[in-house]
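Asks: What follows is a single structure, and I will ask about it in a moment.
Throughout, read-outs are computed from the coordinates displayed, never taken from laboratory work. Because the structure is a prediction, the values reported are computed rather than measured. With ideal geometry, Cβ positions are generated from the backbone for all residues, glycine too; neighbour counts draw on all protein chains shown.
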């Protein structure tokens, strides 16, 4: 993906509200299925990682799990929010 499109998607993502929350169960199969549905409908999805989520490896590890599970492109990780695009 070229830089111009990436910048455009990042700016669009600032106005998108988080659709899915990752809770204390972490990244589960059910969460991946739900996230795939939302990505198919909207293409640009923001995911909120709650403080109760067990992420010893960090937010980047959760973001990678979401990318691998949904086969989407990681656009941005900011604070506890992850933005995905397909």
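Asks: Test of understanding: ordering 65, 25 by Cβ neighbours within 10 Å, fewest first, what list do you get?
Replies: 25, 65
Asks: Oh, and also: Can you tell me the orientation of helix 3-13 relative to the chain, as the angle in degrees between its alpha-carbon axis and the longest Cα principal axis, to the nearest 10?
Replies: Once rounded, the angle reads 60 degrees.
Asks: Compute the long axis of helix 59-70 from its Cα atoms, compare it with the longest principal axis of the Cα atoms of the chain, and write down the angle in degrees, 0 to 90, nearest 10.
Replies: Roughly 80 degrees, rounded to the nearest 10.
Asks: Right, here's the next one. Can you sort 46, 17, 24 by how many other beta carbons sit within 10 Å, fewest first?
Replies: Arranged by neighbour count, lowest to highest, 46, 17, 24 become 17, 24, 46.
Asks: Among 38, 15, 43, what is the fewest-to-most ranking by other Cβ atoms within 10 Å?
Replies: 15, 43, 38
Asks: Return one number: the angle in degrees, 0 to 90 and rounded to the nearest 10, between the long axis of the Cα atoms of helix 29-42 and the longest principal axis of the Cα atoms of the chain.
Replies: For helix 29-42, the angle is close to 20 degrees.
Asks: Separate question: Taking every pair of alpha-carbon atoms in region 31-78, what share in percent sits in each 5 Å bin, from 0 to the bin with the longest distance?
Replies: All Cα pairs considered, the percentages come to 4, 20, 34, 26, 13, 3, 0.
Asks: Could you run the Debye sum over the Cα atoms of the chain, one equal point scatterer each and no solvent, and tell me log10 of I(q)/I(0) at q = 0.10, 0.18 Å⁻¹, two decimals?
Replies: The computed values of log10 I(q)/I(0) come out as -0.21, -0.70.
Asks: Distance between the C-alpha centers of region 1-48 and region 49-86? Whole Å please.
Replies: Cα centres, region 1-48 to region 49-86: 9 Å.
Asks: For residue 71 and residue 52, calculate 0.36 nm times their separation in residues minus their Cα-Cα distance, and state this gained length in nm to one decimal.
Replies: Extending this stretch completely gives an extra 4.3 nm.
Asks: Separate question: By how many nm would the segment from residue 42 to residue 8 grow when fully extended, if each residue of separation counts as 0.36 nm and the alpha-carbon distance is taken off?
Replies: Net length gain for the segment: 10.7 nm.
Asks: So, one more: Add -39500 (n - 2.57) for each DSSP H run of 4 or more in the chain, then divide by its residues: what number comes out at 222 nm, to the nearest 500 deg cm²/dmol?
Replies: Calculated at 222 nm, the ellipticity per residue is -13500 deg cm²/dmol.
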